Amino acid sequence: MVQFLQKMTANMTRLFQPPHSNKTIKKAIIATSVVATLSIGSVYAANDKDKDVDTVYHIYSEGNLLGTVSDKTVINDVLKKKIKEAENTYSELDFSIDGQITYVPERVYTPLYDNKEAIKNVNSSFNVLADAEGIAVDGKAVAFVSNKEEADRVIKRLKMKYVPEKVLTELENGSKEVKYDDFVYIDVHLEENVTSAAEKVVPEDILSVDKAVELLVKGTLQPKKHVVKEGEVLGQIANDNGLTLAQFLKLNPNLNEEATIHIGDEVNIQSYEPLVHVAVEKNAVRNEVIPFETEVIEDKTVFKGTTNVKQEGVNGEKVVRYSIIEKNGSIAKKVVVDEAIVKEPKKKIMIKGTKVIPSRGTGTLTWPTNGGYISSPMGYRWGRQHKGIDIARPSDYTIKAADNGKVESAGYDGGYGNKIVINHGNGMKTVYGHLSKIEVKVGQTVSQGQKIGVMGSTGNSTGTHLHFEVYENGKLVNPRKQL
């Protein structure tokens, strides 16, 4: 009997497909199939007008029996309720049922049906689908919006993320090039084949225009390989790629938290890959600086370590025209089309001394200041020994090395204030005290007459002057005998 009903269903039924383009029509109509009354044995009525005979309806979907009901309205009301609930949640969308129902009527003396069971089976077998517009990239649907107009807006908004609307409009209207700000735009296009078509989907899959644009630009997580670099550890690699350690280890089942990785190893990671690439071709003219070059000329008459500027450098200027191709806002190609020099650069010339400074003194000391006089000689003063001479009132405050040598110490030293000691390498040392500024470093070789500091009044001093001491073979001697 069931097989016979199934054959009758396949050959004689009309399919249930509620309309969805008009909400007022789709809510009210559910088509039913009419099947000839069967007469088999005593349970089937021989006369349709027999008052003792009732009609029940067997419900089929794709050849499967879902149940038997007392009236078609039992199921029709369930389906209309599902659509109504969806409309209350998504008022802007049109809905339909995602399947086909066949009703097979049967006239019987003793009706057997189970409305509740049939309703349960129908609810679990059919979903409410919304009319949508699917956006496909290279033939694969990747996003859904509510209608064709919104799909077109998504494609336009994709391009407008990288070019102004005015530029896009003029290019789409046939302009060969559009000047905007300091660029000349030539072309804007999607590298992938992006199309749209009508679809039916669950309403939760439908995105707003903003969300659809974000999805296409951001893309989806795709597997990639990462080559381990020096100093990297598992946690760092995971964190740098937006993964937790647990997620990273799931992608790399051959590793665990204690695993050792080596430079050059390959590990699995994931990163977002855009679904769509917007290519923008444009030209740009830029004024650019031509950096000056520096020429160094060695001079053997100038002490080593000394450099002087003979000629200051001056940057030049040029005008450059570029052809630029960007993909999703990043420069993919930049080519110089032509350039013109507006101003030639002027090179900087440096004189570099190569003359070696002897670290051994000549044995003859020279006056350590530019002019001045001995304001206080060596000897007893104020009841105690004055160990050197004081020189005051020079023509300037430059302090010079009295002979060739190497700086033995340079820094603050109690009553001396800022002090320099030079070892002349021949048993002789000189001391320079009360400086306001020290301009040499320990270990530096200095030449006779070279500036080593500035006269001052640091330490125990009553005024600006130089305190100068001389030692021979470790013994203090009067500087006046050497100068």
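Numbers below:
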read-out	value
Subset of region 180-202 (residues that are over 18 Å from V154 (Cα atoms) and more than 29 Å from the chain's Cα centre (by Cα))	K200, V201, V202
Residue match in region 350-357 (condition: outside any strand (DSSP E or B) and either under 30 Å from the mean Cα position of the chain (by Cα) or under 30 Å from V217 (Cβ atoms) (or both))	no
Single residue of region 437-455 satisfying the filter (among the basic types (K, R) and closer than 12 Å to G411 by Cα) that is surrounded by the most Cβ atoms within 10 Å (Cβ to Cβ)	K437
Test for N418: is it free of Cβ contacts under 8 Å to residues at least 60 places away in the same chain, under 60 Å from the mean Cα position of the chain (by Cα) and farther than 19 Å from G305 by Cβ	yes
Unique residue being in a loop (DSSP other than H, G, I, E, B) and among the hydroxyl-bearing types (S, T, Y) when the list is S375, S409, S395, S323	S395
Answer from V302, V267, V289 - the residue that is farther than 30 Å from V128 by Cβ, within 28 Å of the chain's Cα centre (by Cα) and not assigned by TED's automatic domain parsing to the domain that holds D187	V267
Any hit, region 256-276, residues being surrounded by fewer than 15 Cβ atoms within 10 Å (Cβ to Cβ), among the hydrophobic types (A, V, I, L, M, F, W, C), modelled with pLDDT of 95 or more and farther than 30 Å from G235 by Cα	no
Tally of residues being hydroxyl-bearing (S, T, Y) and surrounded by 16 or more Cβ atoms within 10 Å (Cβ to Cβ) across region 131-172	2
Failed item in (1) in contact with a strand residue (DSSP E or B) (Cβ under 8 Å, 6 or more places away or on another chain); (2) without any contact (Cβ under 8 Å) to a residue 24 or more places away in the chain, with L249 passing the rest	(1)
In region 63-86, the residues that are within 54 Å of the chain's Cα centre (by Cα) and either within 12 Å of A118 (Cα to Cα) or crowded, with 18+ Cβ neighbours inside 10 Å (or both)	V78, L79, K80, I83, A86
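Condition check ((1) in contact with a Ser or Thr (Cβ under 9 Å, 6 or more places away or on another chain); (2) over 23 Å from S359 (Cβ atoms)) across all residues:
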residue	(1), (2)
N423	yes, no
V442	yes, no
G453	yes, no
G456	yes, yes
G459	no, yes
H465	yes, yes
E472	no, no
V477	no, no
R480	no, yes
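The values are calculated or read from the model by the stated rules, or taken from the named source; none is laboratory data. Predicted, not measured: the structure shown is a model, and the values here were computed from it. A quick note on method: Cβ atoms are made from the backbone with ideal geometry, for glycine too, and the neighbour counts reach across all protein chains shown.
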